[in-house]
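Peer 1: Before I ask anything, let me first share the structure, which is written out below as structure tokens.
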2 protein chains.
Amino acid sequence: MSNPTAAMLVIGDEILSGRTRDANMYYLAGELTKHGIDLKEVRVISDDATAIVAAVKSLSAGYDHVFTSGGIGPTHDDITADCIARAFDVAIDVRDDARAILAAHYATTGTEMNAARLRMARIPDGAELIENPVSAAPGFTLGNVHVMAGVPLVFQAMVASVLATLVGGQPLLSQTLRVDRGEGEIAATLSALAEKYSDLSIGCYPFQNNGVFGANVVLRGADGARIDAATTELARDLGL
Amino acid sequence: MSNPTAAMLVIGDEILSGRTRDANMYYLAGELTKHGIDLKEVRVISDDATAIVAAVKSLSAGYDHVFTSGGIGPTHDDITADCIARAFDVAIDVRDDARAILAAHYATTGTEMNAARLRMARIPDGAELIENPVSAAPGFTLGNVHVMAGVPLVFQAMVASVLATLVGGQPLLSQTLRVDRGEGEIAATLSALAEKYSDLSIGCYPFQNNGVFGANVVLRGADGARIDAATTELARDLGL
């Protein structure tokens with residue numbers, strides 16, 4: 001049986017303007033790989049309602065799971081929850097369980113529950129809450145879409161909460177062979193190997209270090225013994 | 001007149017598997033912002049021909065420019081050029097001008113021009129070459145799609161080559177105000193400001209530092225004086 005598939009939707013102008021370098025995509029990709037869920041696509045879009053609704057619909061229909069990050073805070077640019085409700089055509093309002101979580105948190109920190117903070121208790125009908133052990137305001141899962149915060153610490157905590165509830169597949173295993181030769185030198189050998197081991201994914205990632213060209217060959221698959229065999233064969237074929 | 005729009009397509013399993021943290025998206029986003037081209041969307045997809053062709057068609061139709069990175073080397077997993085040709089329904093073959101560039105480069109480095117390296121001279125009909133001052137093998141522009149290498153040093157050099165040929169718009173300017181208060185505290189003030197300065201994009205990016213919550217408020221727009229005015233007003237409203 002093949003692994004479940006997933007897409008990620010990163011919502012926020014800060015990545016597209018070059019202000020912030022992505023961290024959540026990198027984190028989620030690693031966690032999904034360990035969990036045996038195949039991340040097939042990532043989209044980064046801006047805080048634009050039409051774009052968010054269209055992307056959620058498209059990705060939700062195309063993959064087993066969709067993970068979103070960003071846009072669920074208390075400020076005017078936090079429009080993700082409302083867009084998810086629109087994408088699934090359900091109502092959204094402040095929900096009692098979410099409000100209770102926020103109220104309990106603010107009581108311990110002596111923070112006032114104002115109208116802006118209450119917005120974070122707006123949850124689409126039919127969604128399940130995702131726990132936020134860092135700053136209380138919950139994420140939620142609606143259908144196959146998991147809606148999480150953009151702040152990396154909170155995002156990571158929510159990913160842990162969600163992954164604990166999902167059935168994964170076989171973790172993707174990999175081995176890397178570093179070759180200090182140009183890609184063009186080893187391409188024919190790699191091509192033959194990829195044909196023989198068609199159950200593995202064999203990628204070649206060139207690098208340049210002080211003017212010297214080399215490549216990392218990464219062999220990926222679910223079967224460790226096959227990866228071992230292919231890596232050994234490759235090293236022998238290249239005379240390493 | 002509004003700025004030209006752009007999308008980026010990152011091609012490669014290494015980002016989706018969590019092996020590599022993206023660098024090219026971050027670089028391109030910053031360069032486009034300086035150049036007055038609005039990056040509206042980024043997609044990351046795997047080395048899969050069907051996915052690449054579909055994404056190129058969709059993004060090419062939706063934006064003024066599309067920038068791709070990855071998959072134009074000499075190995076079996078380098079399928080981008082062929083996919084671009086398919087997306088535009090044009091033929092692709094080794095082209096004399098590209099072969100001459102490679103031949104000259106390999107002559108100076110004493111490298112053999114083999115079948116794998118010759119693949120890098122495969123250019124779709126009608127494309128213009130993009131110069132690669134780092135390692136010679138060119139990228140190309142076909143229609144509104146700019147096809148570049150994934151190795152960051154080469155990618156960056158090609159971006160410089162391409163941007164020199166494009167008409168940009170007004171650079172996106174920005175100011176950031178750091179506020180050491182939770183987002184929920186300043187949300188109402190921000191909301192009123194965003195309504196008053198609807199020509200600006202005002203984003204609020206929360207952070208957490210040693211348990212203390214704060215937010216960076218980023219004001220973006222083409223008119224520096226308006227950004228100044230809004231930032232001053234915000235600082236005053238927040239008593240900073």
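Peer 1: Taking each label point as 7 Å beyond Cα in the direction of the beta carbon, state the distances from A:SER198 to the same residue in the other copies, shortest first, in nm.
Peer 2: For A:SER198, the other copies' label points sit at 5.9 nm, shortest first.
Peer 1: Further question on the same structure: What Kirkwood hydrodynamic radius do you get for segment A:141-228 when you take the inverse of the mean 1/r over all pairs of distinct Cα atoms, in Å?
Peer 2: After inverting the mean inverse Cα-Cα distance, the result is 16.1 Å.
Peer 1: For the protein assembly as shown, what is the charge dipole size about the Cα centre, in debye to the nearest 20, if Lys and Arg each add +1 at the Cβ and Asp and Glu each add -1 at the Cβ?
Peer 2: The dipole of the protein assembly as shown has a size of about 440 debye.
Peer 1: Oh, and also: GNM on chain A, C-alpha springs below 10 Å: top fluctuator among A:SER198, A:SER60, A:SER174?
Peer 2: A:SER198
Peer 1: Using a 1.4 Å probe and counting only protein heavy atoms, how much accessible surface gets buried when A and B come together, both sides summed, in Å² to the nearest 100?
Peer 2: Separately minus together, A and B give about 4700 Å² buried.
Peer 1: Place a point 7 Å from the Cα of A:THR108 along the Cα-to-Cβ direction; which residues of segment A:122-163 have their backbone N under 11 Å from it?
Peer 2: Residues A:133-136 fall inside that zone.
Peer 1: Which distances, in nm and shortest first, link the A:ALA104 label point to the same label point in every other copy, taking 7 Å along Cα→Cβ?
Peer 2: So the distances to the same position in the other copies read 7.1 nm.
Peer 1: In whole percent, how big is the carbon plus sulfur part of the accessible area of the protein assembly as shown, probe 1.4 Å, protein atoms only?
Peer 2: Carbon and sulfur atoms account for 51 percent of the accessible area of the protein assembly as shown.
Peer 1: Just add up the charged neighbours of B:LEU102: K/R +1, D/E -1, any other residue whose Cβ is under 15 Å from the Cβ of B:LEU102.
Peer 2: -3
Peer 1: On to the next question. Amide H neighbours of A:ASP64 under 5 Å, at least 5 residues apart or on other chains, H built in the peptide plane: list them.
Peer 2: Amide H to amide H, under 5 Å and 5 or more residues apart or across chains, A:ASP64 pairs with A:THR5, A:ALA6.
Peer 1: Here's a follow-up. What translational D, rounded to a whole number of µm²/s, comes out for chain B from Stokes-Einstein when the hydrodynamic radius is the Kirkwood one over Cα pairs, at 20 °C and 1.002 mPa s?
Peer 2: The Stokes-Einstein estimate is 106 µm²/s.
Peer 1: Next question, about the same structure. Quick one: 3J(HN,Hα) in Hz for segment B:19-32, Karplus 6.51/-1.76/1.60 with θ = phi - 60°, rounded, Gly and Pro as x.
Peer 2: Karplus values, whole Hz, x for Gly and Pro: 6, 10, 8, 4, 10, 6, 4, 4, 5, 4, 4, x, 5, 5.
Peer 1: Taking a label point 7 Å out from Cα toward Cβ, give me the nm distances from B:ALA160 to the same spot in the other copies, shortest first, one decimal.
Peer 2: Reported distances to equivalent positions: 4.4 nm.
Peer 1: Report P(r) for segment B:147-193: all Cα-Cα distances, bin width 5 Å, range 0 to the bin holding the largest distance, values in whole percent.
Peer 2: Distribution as computed: 5, 14, 13, 12, 9, 9, 7, 13, 16, 1 percent.
Peer 1: A further question on this structure: If you place +1 on the Cβ of every Lys and Arg and -1 on the Cβ of every Asp and Glu, how big does the dipole about the Cα centre of chain B come out, in debye to the nearest 20?
Peer 2: It works out to roughly 240 debye.
Peer 1: Rounded to the nearest 500 deg cm²/dmol, what is the calculated helix-only ellipticity per residue at 222 nm for chain A, with -39500 (n - 2.57) per DSSP H run of length n ≥ 4?
Peer 2: -12000 deg cm²/dmol
Peer 1: Here's a follow-up. Just name one of B:ILE79, B:MET8, B:ILE130: the one whose Cα is farthest towards the positive end of the charge dipole of segment B:1-138 (beta-carbon charges, Lys/Arg +1, Asp/Glu -1).
Peer 2: B:MET8
Peer 1: Give the separation of the Cα centroids, segment A:137-186 to segment B:43-59, in Å.
Peer 2: Using only Cα atoms, the two centres lie 20 Å from each other.
Peer 1: Using a Gaussian network model of chain B whose springs link C-alpha atoms within less than 10 Å, name the residue from B:ALA137, B:ALA55, B:ALA188 with the highest mean-square fluctuation.
Peer 2: With Cα springs under 10 Å in chain B, the top fluctuation among B:ALA137, B:ALA55, B:ALA188 is at B:ALA188.
The values are calculated or read from the model by the stated rules, or taken from the named source; none is laboratory data. What you see is a predicted model, and the numbers here were worked out from it, not measured in a lab. We place every Cβ from the backbone using ideal geometry, glycine too, and count neighbours over all the protein chains shown. Side chains are part of the model used for accessible areas, which takes the heavy atoms of the whole protein and leaves out ligands, DNA and RNA. Shrake-Rupley method; radii C 1.70, N 1.55, O 1.52, S 1.80 Å.
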